[in-house]
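Working notes, beginning with the structure itself.
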Amino acid sequence: MFFLYNLLVIIAGYALKAIAFFNPKMKLFVNGRKNVFKTLRNKIQPTDKTIWFHSASLGEFEQGLPVMEKIRIQYPEHKIVLTFFSPSGYEVRKNSTAADIIVYLPLDTEKNAAEFLKLVHPEMAFFIKYEFWPNYLKELKERNIPTYLFSGIFRKDQIFFKWYGTFYRKALTAFKMFFVQNESSKLLLQQVGFQNVKICGDTRFDRVLKILGRDNSLDFVEKFKDGKLTIVCGSTWPKDENQLVDFINTNPFGVKFIIAPHNVKPEQISELKNSISKKTILFSEIKNKTLAEYDVFIIDTIGILTKIYSYADIAYVGGGFGTSGLHNILEPATFGIPIVIGPNYQKFSEAVALVGMGGCISVKNKKELEETLSFLIQNEDERSEKGHVASTFVQMNKNATEIILNNL
């Protein structure tokens with residue numbers, strides 16, 4: 001099985017190089033891996049002590065950050081090596097101060113895994129939430145490097161729990177401990193023979209709670225809001241915006257909207273702005289403008305959405321009307337804001353829980369979305385109650401980081 005797997009990875013590597021000629025994101029994926037080993041040779045000496053964290057993408061990085069920060073404090077003499085699989089993680093966080101060396105993870109071939117671990121020689125390795133690369137895990141196990149999974153989440157439809165999943169189950173034997181988010185993940189692992197499992201919850205709760213302790217003020221948002229009820233639509237995709245635009249254009253309530261699209265490509269921003277009939281301004285246009293005069297504010301930049309949520313009276317979080325995945329509902333939740341999402345959220349345990357508690361409302365279509373927003377706009381007590389449920393939910397689930405560190 002290993003032979004077949006390695007053959008497929010090699011074939012995939014050649015295929016990705018071909019696709020990179022036509023796909024900008026895939027070009028980043030391929031080109032970003034060209035100098036990884038050179039970078040590691042230059043930045044890590046054989047005598048250095050290192051700890052390795054692997055993150056699939058940006059969301060997993062945010063989950064891993066609380067643990068990375070604590071590990072840096074506990075092991076100040078070690079270099080932190082952080083790898084990303086996806087360009088959407090690496091390109092956004094390649095200059096983060098959370099780690100000393102940040103690179104793409106080379107493709108999971110036997111040769112790459114051996115060379116990577118030879119150069120990095122970590123004393124510990126941490127995988128965040130998921131991504132189980134058999135060659136890397138095999139090499140970690142053979143080198144007796146303590147390897148941990150944290151904020152892990154497992155579902156019964158994954159290959160590990162199928163009759164034909166022996167190869168992938170064997171890869172999991174590299175982990176010294178699984179720190180999982182919930183009871184169902186623990187039971188699934190135990191059913192296939194893993195007893196080294198501890199429920200710790202999701203480290204993202206610790207991450208978002210730290211947001212409350214920082215300065216979240218944005219003068220330009222304060223000026224735009226101008227004391228009016230404001231709905232923040234965060235990390236929206238075109239499918240979300242298609243549901244929202246009619247309500248933005250026709251609602252009679254005089255509320256303001258801030259839209260922070262997931263993709264800030266100029267052509268998509270232009271298309272969104274042109275679909276809105278109310279007075280609209282982009283973040284890139286705000287210089288010397290009287291922001292209070294505008295009804296809609298489109299944020300055509302990245303990195304400030306979390307602070308913007310602190311000004312929201314209602315939050316709409318994007319991704320739930322598509323298949324790419326629901327975006328982070330914990331950031332608005334920590335500010336005590338009622339949250340509205342689309343119908344596709346079942347794979348996100350925090351959304352399932354918060355919908356069940358009433359702090360988050362899932363809508364199936366444009367009509368339900370308009371009715372829900374109208375109801376929340378007109379009912380301050382409901383906004384307050386649902387916002388309280390949301391912030392309490394975050395507080396109830398903190399301290400996952402401490403559980404992990406206490407059990408290493």
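The values are calculated or read from the model by the stated rules, or taken from the named source; none is laboratory data. Since the model is a prediction, treat every value here as computed from it, not as a measurement. Note that we place each Cβ from the backbone using ideal geometry, even for glycine, and neighbour counts take in every protein chain shown. The protein model used for the area step is the full one, side chains on, heavy atoms only, and it has no ligands, DNA or RNA in it. Shrake-Rupley method; radii C 1.70, N 1.55, O 1.52, S 1.80 Å.
Couple of notes before you dig in:
- Positive minus negative residues near Leu305 (Lys, Arg vs Asp, Glu; Cβ under 13 Å): -2
- Tensor-based shape of the range 9-201 (alpha-carbon gyration tensor, a/c under 1.5 rounded, otherwise prolate or oblate): oblate
- Residues Thr250, Thr97, Thr83, Thr109, sorted by accessible area with the largest first, give Thr97, Thr250, Thr109, Thr83 [1.4 Å probe; ligands and nucleic acids excluded].
- Computed over the range 108-211: relative contact order in percent, which uses C-alpha pairs under 8 Å that are six or more apart: 24
- Heavy-atom accessible area per residue - the chain, 1.4 Å, Å²: 47
- In plain terms, the chain from Lys111 to Phe37 could stretch by 25.5 nm, reckoned as 0.36 nm per residue minus the Cα-Cα distance.
- Gyration tensor verdict on the range 211-391 (Cα atoms; rounded if a/c is under 1.5, prolate if a/b is larger than b/c, oblate otherwise): rounded
- In this structure, the residue pairs whose Cα-Cα separation is over 19 Å, taken from Lys118/Lys141; Lys228/Lys287; Lys43/Lys94; Lys223/Lys289; Lys129/Lys176; Lys225/Lys367, are Lys228/Lys287; Lys225/Lys367.
- Spin-label model distance (nm) - Asn216 vs Gln74, 7 Å beyond Cα toward Cβ: 2.9
- Mean Cα-pair separation over length for the range 211-391, i.e. relative contact order, pairs under 8 Å, 6 or more apart, %: 23
- Where Phe297, Phe194 fall by accessible area, highest first, once all protein chains stay in place (1.4 Å): Phe194, Phe297
- The Cα atoms of the chain give a gyration tensor whose axes a ≥ b ≥ c have a/c of 1.5 or more with a/b greater than b/c, which makes the shape prolate.
- Residues of the range 216-254 with amide N under 13 Å of the 7 Å Cα→Cβ point at Lys367: none
- With all protein chains in place and ligands, DNA and RNA left out, the 1.4 Å accessible area ranks His78, His388, His327, His262 as His388, His262, His327, His78, largest first.
- Remark: relative contact order (the chain) = 12 percent; criterion is Cα-Cα distance under 8 angstrom and separation of 6 or more residues.
- Helix 266-275 vs. the chain, principal-axis angle (Cα, 0 to 90°, nearest 10): 30
- GNM remark for the chain: springs join alpha carbons under 10 Å apart, and the peak mean-square fluctuation among Glu371, Glu267, Glu222 falls on Glu267.
- The distance from the alpha carbon centre of the range 58-100 to that of the range 323-398 is 29 Å, rounded to a whole number.
- Sparse-neighbour loop sites [chymotrypsin sites (Phe, Trp or Tyr not before Pro); the range 1-70; at most 10 other C-beta within 10 Å; DSSP]: Phe21, Phe22
- Surface share of carbon and sulfur [accessible, 1.4 angstrom probe, percent] for the chain: 53
- Helix-only [θ]222 nm of the chain, DSSP H runs n ≥ 4, -39500 (n - 2.57) each, per residue, nearest 500: -13500 deg cm²/dmol
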